[in-house]
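One structure below.
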Amino acid sequence: MSYTLEEILSQPSVWESVLRQAEHSASEWRAGLRGKTHLVFTGCGSTWYLAEIAVALFRRLLGYRASAVPGGELLLYRQDWLEDFSGSAGSSLLIAISRSGATTETVQAAAEWKEAGGQVAVVTNSPDSPLVSYADFTLLLPEGQEKSVVQTRSFTSMLVGLNAIAAILGEHRALWEAMKHLPQAGARLIEEYLPMAQSLGADPFPERFYFLGSGLRYGLAREASLKMKEMSLSHSEPFPFLEFRHGPISMVNGQTVLFGLLSDMNRSHELALLGETRALGARTITLADRDADVAFKSGIPEEGRGVLYLPVLQLVAAYRSISAGLDPDHPNNLTAVVTLNFETRR
Ligand code: F1P
């Protein structure tokens with residue numbers, strides 16, 4: 001079996017120890033966040049999308065002012081983030097996220113933040129990495145580590161970890177208790193929808209994919225869309241739901257598939273948009289806790305179940321890759337880590 005597939009299938013069992021690790025690290029995070037008013041999350045590629053989801057979660061669950069910036073942008077356009085860099089000595093905290101802990105832009109952004117006198121938190125699957133050497137405090141999740149170039153299990157491990165930290169520190173006790181059911185919910189979900197993911201992945205007819213998600217689901221839609229691109233080399237783009245009418249809808253034809261990552265609160269607006277695209281010939285597939293083509297049936301509140309949108313979408317991408325004669329373990333033109341010989345000039 002491809003190791004990407006193995007990693008996708010094994011991820012719920014990893015979430016179990018991630019939840020324990022997050023609980024264990026929570027007091028260090030509580031102390032580290034004390035006095036901070038602005039959080040700057042950074043990462044590259046998948047981990048930048050994870051930074052975007054973390055911003056939504058830390059705003060919603062802890063009330064923080066927060067931004068997500070790709071590591072490279074933080075470095076190249078430092079002047080635009082100067083306020084954060086200069087505030088870094090006091091009220092701002094950099095939270096650097098990286099599977100490898102070795103991506104040049106992320107490591108260098110952390111190094112420069114430290115140089116400016118700031119504090120850095122690191123979330124990673126690689127405890128012995130260069131990034132960790134700049135950390136004031138960490139969330140280390142080695143059990144999420146993987147062989148694949150494409151991030152799947154690593155991504156969800158860090159997502160579950162950050163989500164748990166936000167739930168614990170915000171004292172959302174019911175949410176935190178509910179999140180403890182994520183491993184079982186994830187395993188059930190994969191078992192139930194594996195055949196569907198296989199047949200969707202094997203269907204050669206669709207030629208373009210759109211992943212729609214709003215609020216904290218936008219980062220998830222971006223990540224799911226990237227999986228489809230990297231593994232199956234298909235045309236694939238993410239959008240917040242209502243954005244889709246503002247141009248992207250022109251691309252809909254009879255060979256379009258739209259995945260709708262539905263919310264609880266704005267479901268009717270989201271379904272209305274999907275209905276319009278069906279009238280134009282698209283196929284739509286909805287994901288939600290209940291009453292959807294892919295129904296998680298977890299009972300976990302919206303702010304704790306974001307990770308459940310990913311496994312089935314990762315599987316569709318992996319099976320589409322295999323069905324097209326590609327190898328999901330060896331995506332085109334990609335390496336597991338991007339390292340650059342890179343000097344910033346200020
Ligand atoms: C970041 C990243 C990965 C991507 C690719 C290149 O890595 O962009 O998300 O899958 O292989 O690197 P990291 O900093 O999270 O290790």
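The values are calculated or read from the model by the stated rules, or taken from the named source; none is laboratory data. All figures in this text were calculated on a predicted structure; none of them were measured in a lab. Ideal geometry is used to build each Cβ from the backbone, glycine not excepted, and the neighbour counts take in all protein chains shown. These accessible areas exclude ligands, DNA and RNA; they are computed on the full protein's heavy atoms, side chains included. Shrake-Rupley method; radii C 1.70, N 1.55, O 1.52, S 1.80 Å.
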Please report the spacing between the Cα centers of segment 246-261 and segment 1-80 in Å, no decimals. 30
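Given 20 °C and 1.002 mPa s, how large is the Stokes-Einstein diffusion coefficient of the chain in µm²/s, with Rh as the Kirkwood radius over Cα pairs?
Calculated translational D: 106 µm²/s.
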Calculate how steeply helix 153-169 sits against the longest principal axis of the alpha-carbon atoms of the chain, using the helix alpha-carbon long axis, and give the answer as 0 to 90 degrees to the nearest 10. 60
Take segment 117-213, drop everything but the C-alpha atoms, weight them equally and run the Debye formula without solvent; then report log10 I(q)/I(0) at 0.13, 0.15, 0.25 Å⁻¹ to two decimals. -0.69, -0.86, -1.30
Average accessible surface area per residue within the chain, 1.4 Å rolling probe, Å²: 40
Which angle between 0 and 90 degrees, to the nearest 10, do you get for helix 267-279 versus the longest principal axis of the chain when only C-alpha atoms count? 50
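Give me the percent of accessible area attributable to carbon and sulfur for the chain, probe 1.4 angstrom.
51
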Explain nothing, just the number: dipole magnitude of the chain about its Cα centre with +1 on each Lys and Arg Cβ and -1 on each Asp and Glu Cβ, in debye rounded to the nearest 20. 460
As I understand it, the value is the acute angle between the Cα axis of helix 310-323 and the longest principal axis of the Cα atoms of the chain; what does it come to in degrees, rounded to 10? 60
Cα centroids of segment 313-346 and segment 166-224: how far apart, whole angstrom? 20
Working with all protein chains in place, sort Glu143, Glu192 by solvent-accessible area computed with a 1.4 Å probe, largest first. Glu192, Glu143
Starting from the Cα gyration tensor of segment 297-346, take the square roots of the eigenvalues, sort them a ≥ b ≥ c, and report rounded, prolate or oblate (rounded when a/c is under 1.5, otherwise prolate if a/b is larger than b/c, else oblate). oblate
Could you give me the percent of Cα pairs per 5 Å distance bin for segment 173-296, shortest bin first, beginning at zero and ending with the bin that holds the maximum distance? 2, 10, 19, 24, 22, 14, 6, 3, 1, 0
Using label points projected 7 Å from each Cα along Cα→Cβ, tell me how many nm separate Arg290 and His269, to one decimal. 2.2
For Glu7, solvent-accessible area (1.4 Å; no DNA, RNA or ligand), Å²: 10
